[in-house]
Structures are given as structure tokens and as C-alpha cells.
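The structure appears right after this line, and notes come after that.
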Amino acid sequence: MITLILVEGEFRLELLMEQFVNNPMRDSQLISPIDGQQFSSQQIRELYATESLTQDEFVILEFYGVSRIIKEGTIQMSFQGLKRLTSLHQAKLTKAINRLVEKGLLIKADAGYKLTKPGIEVFSRLYQTFNLRNQILPKKLYTHVANGQVQGLNLTYEDYEKIADSLVGKWFGRFRFTSKIEYEDAIELGWITTNGSISATLIMGPDNNLRLSISASIYDESQTELQILINHVSQSIESIIDAPTIFNSLQVFENHQEISTEINDAVVAYAG
């Protein structure tokens, strides 16, 4: 559940959820970002006059805003991830990112670009003034969620960071890396396919827990890609910490509604 809270004029985006509560809609990156073409000429002039921003720069900041957490330094978006998720042409995206970096609103980090404190403040004002947010999920979104654990070790947050470092920027088949989100006791990584039709998220921690989610508008695609990604992720984890992973439950959702639950190691397990 995402709650928008305005406290003493300061915008904050807080994530109100228990770790690993089943909410498949929060795991999907299949949203339609703000389209700069939605701006009227008056809005474009006002945006530049009040914030010295172009509509392309607004599109980028707005995409960070529709992400699940906007705390400074928490979410990092890769260049290719922003390109695929915002649908901006590469030249336009490069120019807009460079301008946002020069203005001190974005900063380059290990896994991509992240908002600075001034960037969060600007987005807060934009949210109140230019609320053109347009989150669109497919009418039918199928999400396969595999829950599992890393076996044999008591993982620390530093272990999750080592695993994340090995997966950041990594491609799996059609999947391209998009993002990294750091929670207090867990790390989330995101991928999306080259055509933007399937998204995936991996949450690691706490207590050795793993949650791998695949969202697509076609049921069979979600099911097939999940098993492929389980194998890739499990092998990557084992190569870093020399411990096997077991995915021992599978849940399937159509939008928010659970339509199937399985506990079948033969289907979703990988033991190294």
C-alpha cells in the first residue's frame, strides 16, 4: 500500500507494507509513465518558469515519483531502465539526465541514477502543481510469485549487498536490468523485457527470504519466464555465497486476486 502524506508542507512518500505481504500490483513495473505530450503549451511555460525544467526532465522525475519509495538514495534507476520505462528517445533521455545531474537533482550511483534531497523537494512541488500521473497496468495482469530461502547460512545485509552487486546490470535472456531499491533489511532488484511486456522483481531478505515475481499480461509468458529466471538467479546466488536456494511455494495472481497456490519443490525448487 502506498500512502502520500503531506506534513508541514513537505511531501513524503512512505511505503506501508509488511515484508513479503502478497501484493502483486506493487511488484509490477508495467506502468505507463507520464507522456510529455500531455502538457499544454501553458503548462510547459509554467514548468520552465517555476522550476527551470523541460517536459522531458519532468517525465524522468515523475517516473521516480511513481516508484515505490522516494527516500533519498533508496531507489536507483539504470540508464537503460529509464530508457525502457519512460520510452524517451536515447538522445532526449541523455540530455535530460545530464541537465538533472547538473542541477543537482540526480546523482550517479553504483546501480544507476538516484534522487538527491533537492531532487525530492522539486518532485514534491511538481506532484502538487503538475499532477499528471498516469499509472496504467494491463487490464489483466498475471503475476507469478515464487517464495523461497537461501539454505545453510544466516545471511546478513552485507551478504544481500554482495549478491545484489553481482546482479546489478545483469541481463537474463530477454530481461534487462532496471533498478535497485534498498530497504532497511532487504534489497529489491528489477528487470523488464526488451519489448517492455514482462517485468520481474527480486526481493532478498530479511531472514534469508527470497521473493521472485514475474508480471505479464499473458498468463503463459509469466509462467514460463518465472522458471527461467529462478534458475538464473539461484545459480548467481550460489556462485557468490556458495549456498543453495530453494523456492518452495508458488502463488499466481490475476490483478490483486490470487487464483492458484502451489507448494511443490519439483516445480519451483533449485538446490544448486
Taking the stretch 98-124 and keeping residues out of contact with any Asp or Glu (no Cβ under 8 Å at 6 or more places or on another chain), surrounded by 15 or more Cβ atoms within 10 Å (Cβ to Cβ) and either in the same structural domain as Gly196 (by TED's automatic domain parsing) or within 18 Å of Phe177 (Cα to Cα) (or both) leaves Ala111, Gly112, Tyr113
Scanning the stretch 220-247 for residues that are at pLDDT 85 or above, over 14 Å from Arg174 (Cα atoms) and not aliphatic (A, V, I, L, M) gives Asn231, Ser234, Gln235, Ser236, Glu238, Ser239, Asp242, Pro244, Thr245, Phe247
The lone condition Lys117 fails out of (1) closer than 30 Å to Thr245 by Cβ; (2) modelled with pLDDT under 90; (3) out of contact with any helix residue (DSSP H, G or I) (no Cβ under 6 Å at 6 or more places or on another chain) is (1)
| said: It is to be established whether one or more residues within the stretch 205-213 are crowded, with 21+ Cβ neighbours inside 10 Å and assigned to a loop (DSSP other than H, G, I, E, B). | reply: yes
Residues of the stretch 36-69 being surrounded by fewer than 17 Cβ atoms within 10 Å (Cβ to Cβ), part of a helix (DSSP H, G or I) and either modelled with pLDDT of 75 or more or of a type outside the set (Val, Ile, Thr) (or both), in sequence order, are Gln37, Gln38, Ser41, Gln42, Gln43, Arg45, Glu46, Tyr48, Ala49
Exactly one of Thr261, Thr245, Thr194, Thr224 is closer than 23 Å to Tyr64 by Cβ and assigned by TED's automatic domain parsing to the domain that holds Tyr160, and that residue is Thr194
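The values are calculated or read from the model by the stated rules, or taken from the named source; none is laboratory data. If you're wondering where the values come from, they're calculated on a predicted model, not measured in any experiment. Note: ideal-geometry Cβ built from the backbone for every residue, glycine included; neighbour counts use all protein chains shown.
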